[in-house]
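Notes to accompany the following structure.
The values are calculated or read from the model by the stated rules, or taken from the named source; none is laboratory data. As the structure is a computational prediction, the values presented were derived from the model and not from experiment. Cβ coordinates were reconstructed from backbone atoms using ideal geometry, including for glycine residues, and neighbour counts include every protein chain displayed.
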Amino acid sequence: MNARIIMVLHSHIPYVKRQGRWPFGEVWLFEAMAETYVPLIINLLKLDEEGKQTPLTMSFSPVLLEQLNSKYIKQEFVNYLKERESMARSDERYYLSQSDLEFAGIAAYYASFYRDIRRDFEIDLQRDIIEALRYLQGRGQLEIITTAATHAYLPLLDRSDLENQVYWGKRLYEQVFSTEPQGFWLPECGYFQGIEDVLIANGFKYFFVDSHAIEGGKPLGVMSPGGSEPETEVETFASTGLSTYRPYRVENRDITVFGRNSMVSQQVWSSEYGYPGDEDYREFHKVSPRSGFKYWRVTNRNHPLDKKQVYNPDKALLKVKQHAAHFVGTLKNTGQNAIEMGFSSPLIVACYDTELFGHWWWEGVNWLSEVINHLHNSTELELVLPSQVGPATYEAKVFESSWGRGGKHYVWENEETAWMWDIIRKAGREYQNLKGLEQETLMGQKAMSQALKELMLIQSSDWLFMVSNNLTRDYAMKRFFEHYTKLLRLTNTVQNQQFDDNFREWLRRIQYEDDFFSCL
């Protein structure tokens, strides 16, 4: 029998709408839209037109969906694309004036890229990424699942905050897609025993964990290509004798858990031999001081940035084809090994951050499309959706875990972030203390609604990750304190019922700044 492949792409950008533009803020979202979401969706639509089956599982954080659905973001994204195309043309003229034909050619390549993305977004997608996702899900090409409302790291939240994150994650999905989500993505694959009860109470049928959460052993660990996670001792989990080649029911619970396959994940993510580190792929970390464009290739992943050589897009595309074929070969070998171990129709679960493809790994969207083409034509492998996998017949006791380095919670709770967790828990208690107060006025109801939004924004895992990695630390702390300050004013005003004109004007302003979750 065939090996079955579940490919899961997890999509998340923190809430950055009207929260700064460059170098931190909205530009993060625009880069992901231009380099990942638009080209990926366009490729999936083309494959669908060709009659090819492309059943992928994708999760979208509610804050990302809300931003993608925003008229403001749509218009600013078009402006961003025009700016990038203009800057690329300026670079092209500059390099031609310097008789540097190699760099001028790459600048022209970027100008064409942003022009084409703008055409795709405005004409093919009609500025509506969400509608394209609905269409692909309706065609059976995607199974879209949800996650925590603001991508909070769930294992460390108090129970009431955890329930809010899961409940609103589901509600906001339903508002966007007009259907119930079947699956839930645990942010950072963060799991603890008991979270399944909250998922079951909200009607979820399945979720995903890292491989060691089911199999035991030494966790693989995954980190963003944009930074290195803090060093920590890696715990070795007791071997369970179980395998991620099949789904499981969580012990004594009516919900299915899928485990990420460590081998196929490492082939893509590994900092030592993963595909994105190939010498011919574009170097992510070296940028032009003139325009911010990236003109260099990896060359050698161990070389300093000043030793990088010029990027060649044509050579990179040749590597894409080779690596796609190699990856599918790895899937075949993995499936065959599983069959020889006694799994008649083994399941191989490959989980990645969507933004790896295109944003971090420039050639990644093309690689993914090549992989899907190979899988469509394969007689040994079959792409499937989680809902197409039959009910789990085996049980598993799942370890408390994450896909961060060390296998547990260290990346998000450590000596650098302990004070943030003190504030997160204090903020949750302050909000809970007000829930019993009945708000008879419309202003009081608006203030309570905004307080919940600010609370959930404080809980975003992004601020913790950035502080832990010293990655855009100042921006993360600024956002964290701003949302906490807003929450304090809201809770104090509700407590004292002092809705004066100054407060009303201030509330209108922050409702504009933090304009999301309209159903809340």
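Checking each residue in the range 75-109 for being surrounded by 17 or more Cβ atoms within 10 Å (Cβ to Cβ) and touching a Lys or Arg at 6+ places or on another chain (Cβ under 7 Å) picks out 81, 85, 91. Would you check if residue 204 is assigned to a strand (DSSP E or B) and among the hydrophobic types (A, V, I, L, M, F, W, C)? In short, no. Taking the range 17-31 as the range and being surrounded by fewer than 23 Cβ atoms within 10 Å (Cβ to Cβ) and in contact with an Asp or Glu (Cβ under 8 Å, 6 or more places away or on another chain) as the test, the residues that pass are 17, 18, 19, 20, 26. For the range 132-142, the condition holds for at least one residue, the condition being that it is in a strand (DSSP E or B), buried (at least 16 other Cβ atoms within 10 Å of the Cβ) and modelled with pLDDT of 95 or more. Number of residues in the range 480-502 that are over 30 Å from the mean Cα position of the chain (by Cα), surrounded by fewer than 16 Cβ atoms within 10 Å (Cβ to Cβ) and aromatic (Phe, Trp, Tyr) equals 0. The residue that is nearest to residue 61 (Cα to Cα), among those in the range 495-520 that are among the aliphatic types (A, V, I, L, M) and modelled with pLDDT of 90 or more, is 510.
In the set 227, 169, 183, 203, only one residue is in contact with a helix residue (DSSP H, G or I) (Cβ under 9 Å, 6 or more places away or on another chain), modelled with pLDDT under 95 and of a type outside the set (S, T, N, Q); that residue is 227. If the condition is being under 24 Å from the mean Cα position of the chain (by Cα), assigned to a loop (DSSP other than H, G, I, E, B) and either among the acidic types (Asp, Glu) or closer than 18 Å to residue 57 by Cα (or both), then the range 383-401 contributes 384, 385, 389, 400. Any residue at all in the range 10-25 that's outside any strand (DSSP E or B), more than 16 Å from the chain's Cα centre (by Cα) and of a type in the set (Val, Ile, Thr)? Looking for residues that are outside any strand (DSSP E or B), more than 16 Å from the chain's Cα centre (by Cα) and of a type in the set (Val, Ile, Thr), one finds none in the range 10-25, hence no. Within the range 300-337, can you find the residues that are under 19 Å from residue 262 (Cα atoms), of a type in the set (Gly, Ala, Ser) and surrounded by 14 or more Cβ atoms within 10 Å (Cβ to Cβ)? Within the range 300-337, 324, 335 qualify. Checking 282, 260, 301, 297 one by one, the residue that is over 30 Å from residue 393 (Cα atoms), within 22 Å of the chain's Cα centre (by Cα) and basic (Lys, Arg) is 282 and no other. Against the conditions (1) surrounded by 22 or more Cβ atoms within 10 Å (Cβ to Cβ); (2) closer than 22 Å to residue 464 by Cα; (3) touching a helix residue (DSSP H, G or I) at 6+ places or on another chain (Cβ under 6 Å); (4) aliphatic (A, V, I, L, M), residue 162 satisfies every one except (1).
Conditions tested, residue by residue: (1) touching a residue at least 12 places away in the same chain (Cβ under 8 Å); (2) assigned to a helix (DSSP H, G or I).
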site: 266; (1), (2): yes, yes
site: 292; (1), (2): yes, no
site: 319; (1), (2): yes, yes
site: 337; (1), (2): no, yes
site: 348; (1), (2): yes, no
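For the range 44-58, the count of residues that are assigned by TED's automatic domain parsing to the domain that holds residue 372, buried (at least 23 other Cβ atoms within 10 Å of the Cβ), under 19 Å from the mean Cα position of the chain (by Cα) and in a helix (DSSP H, G or I) is nonzero. Residue check: residue 513 meets all listed conditions (1) over 23 Å from residue 28 (Cβ atoms); (2) touching a helix residue (DSSP H, G or I) at 6+ places or on another chain (Cβ under 9 Å) but one, namely (1). If the condition is being under 19 Å from residue 7 (Cβ atoms) and among the hydroxyl-bearing types (Ser, Thr, Tyr), then the range 23-77 contributes 36, 37, 54, 57, 59, 61. Applying the condition of being among the hydroxyl-bearing types (Ser, Thr, Tyr) and in contact with a helix residue (DSSP H, G or I) (Cβ under 8 Å, 6 or more places away or on another chain) to the range 338-376 and asking which residue is surrounded by the fewest Cβ atoms within 10 Å (Cβ to Cβ) yields 352. At least 1 residues being without any contact (Cβ under 8 Å) to a residue 40 or more places away in the chain and small (Gly, Ala, Ser) is the threshold, and among the helices (runs of 4 or more DSSP H) wholly inside the range 417-486 those reaching it are 418-434. Inclusion of residue 106 among residues that are touching a Phe, Trp or Tyr at 6+ places or on another chain (Cβ under 7 Å) and touching a residue at least 12 places away in the same chain (Cβ under 8 Å) is warranted. Take the residues of the range 199-219 that are farther than 24 Å from residue 163 by Cα and charged (D, E, K, R): which is surrounded by the most Cβ atoms within 10 Å (Cβ to Cβ)? Out of the qualifying residues, it is 215.
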